[in-house]
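Enquirer: Structure incoming, see below.
The values are calculated or read from the model by the stated rules, or taken from the named source; none is laboratory data. Model, not experiment: these values are computed from the prediction. Every residue, glycine among them, receives a Cβ derived from its backbone with ideal geometry; neighbour counts consider all protein chains shown.
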Amino acid sequence: GPKVLQIPSHQIIDMGQMVTLNCDPVSNHLYFYWYKQILGQQMEFLVNFYNGKVMEKSKLFKDQFSVERPDGSYFTLKIQPTALEDSAVYFCASSPGQSGNTLYFGEGSRLIVV
Amino acid sequence: GDSVTQTEGLVTLTEGLPVMLNCTYQSTYSPFLFWYVQHLNEAPKLLLKSFTDNKRPEHQGFHATLHKSSSSFHLQKSSAQLSDSALYYCALRTGNTGKLIFGLGTTLQVQP
């Protein structure tokens, strides 16, 4: 089936440094999402993105977070600077449309901030 | 606000017994519900989703019925298999941006 690829799968980073998480969505999909999952907790919505713009973001999407998809390449989540509480698994998802459409998820990028 | 509540934690079953994982929701909008399944070290994958015409979705022996009167979308299967062992998420589509709200997830462990 359709696959969403995420790079890196794991990353350890020093607090205060910048990190970029990359997502290669399904090729004909137009809507992109990031979710955050802290160990033992539920997946929580961060942001969604369409036509080059953020459509909606949650309270978890702090000012230090940003997303972009330059020239149809990777859909990226950048955190600058990172904080200890950013340690989590970040899932990228994409969908062809909105109403009733399935979100296809990647396997997640595990970020550890030390 | 919008939310999803699932059977919490771990459900352990013997192979061949019926499965029922509970999911209830609160939704501001007309609800679309989804069940995702995640096997270890894999991406969450869609198992099934509700239909607007109230048809009962089925996949891999699993089914779920959206009951708006009780705000529920419980996942059921008549006979558990060892390969069903995984983490199951119930999710609610809310608003008009395609965003999903997930429950905490239920781990199903099927034993021989």
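Enquirer: Take residues that are within 14 Å of chain B (Cβ to nearest Cβ) and basic (K, R) and tell me which of the strands (runs of 3 or more DSSP E) falling wholly in region A:1-53 contain 1 or more.
Expert: Result: A:31-37.
Enquirer: What are the residues in region B:87-112 that are away from every other protein chain (no Cβ under 14 Å), exposed (fewer than 15 other Cβ atoms within 10 Å of the Cβ) and either modelled with pLDDT under 95 or not in a loop (DSSP other than H, G, I, E, B) (or both), if any?
Expert: B:Q109, B:Q111
Enquirer: Could you list all residues from region B:39-65 that are in contact with a Gly (Cβ under 8 Å, 6 or more places away or on another chain) and modelled with pLDDT of 85 or more?
Expert: B:A43, B:K45, B:K49 - these are the residues of region B:39-65 that are in contact with a Gly (Cβ under 8 Å, 6 or more places away or on another chain) and modelled with pLDDT of 85 or more.
Enquirer: Hey, another quick one. I'd like to know if region B:67-86 contains one or more residues that are within 30 Å of A:N51 (Cβ to Cβ) and in a strand (DSSP E or B).
Expert: Checked region B:67-86: no residue is within 30 Å of A:N51 (Cβ to Cβ) and in a strand (DSSP E or B).
Enquirer: How about region A:69-94: which of its residues are touching a Gly at 6+ places or on another chain (Cβ under 6 Å) and within 14 Å of chain B (Cβ to nearest Cβ)?
Expert: A:V89, A:F91, A:C92
Enquirer: Could you run through region B:1-37 and say how many residues are in a strand (DSSP E or B) and modelled with pLDDT of 90 or more?
Expert: Counting residues in region B:1-37 that are in a strand (DSSP E or B) and modelled with pLDDT of 90 or more gives 21.
Enquirer: On to the next question. Kindly indicate the residue of region B:74-86 that is surrounded by 16 or more Cβ atoms within 10 Å (Cβ to Cβ) and out of contact with any Pro (no Cβ under 8 Å at 6 or more places or on another chain) and also farthest from B:V37 (Cα to Cα) among those meeting that condition.
Expert: Only one residue fits best here, namely B:H74.
Enquirer: Can you pull out every residue in region A:28-61 that is in contact (Cβ under 8 Å) with a residue 12 or more places away in the chain, over 23 Å from B:N96 (Cβ atoms) and either among the hydrophobic types (A, V, I, L, M, F, W, C) or surrounded by fewer than 17 Cβ atoms within 10 Å (Cβ to Cβ) (or both)?
Expert: Matches in region A:28-61: A:I38, A:L39.
Enquirer: Ok, one more. Would you check if there is a residue in region A:13-25 being at pLDDT below 95, surrounded by 13 or more Cβ atoms within 10 Å (Cβ to Cβ), among the acidic types (D, E) and in contact with a Leu (Cβ under 9 Å, 6 or more places away or on another chain)?
Expert: Checking region A:13-25: not a single residue is at pLDDT below 95, surrounded by 13 or more Cβ atoms within 10 Å (Cβ to Cβ), among the acidic types (D, E) and in contact with a Leu (Cβ under 9 Å, 6 or more places away or on another chain).
Enquirer: For A:E56, which of the numbered conditions (1) within 10 Å of another protein chain (Cβ to nearest Cβ); (2) charged (D, E, K, R); (3) in a helix (DSSP H, G or I) fails to hold?
Expert: Condition not satisfied by A:E56: (3).
Enquirer: May I ask you to say which residue of B:S3, B:S70 is away from every other protein chain (no Cβ under 11 Å), of a type in the set (G, A, S) and over 10 Å from the mean Cα position of the chain (by Cα)?
Expert: From the options B:S3, B:S70, the qualifying one is B:S70.
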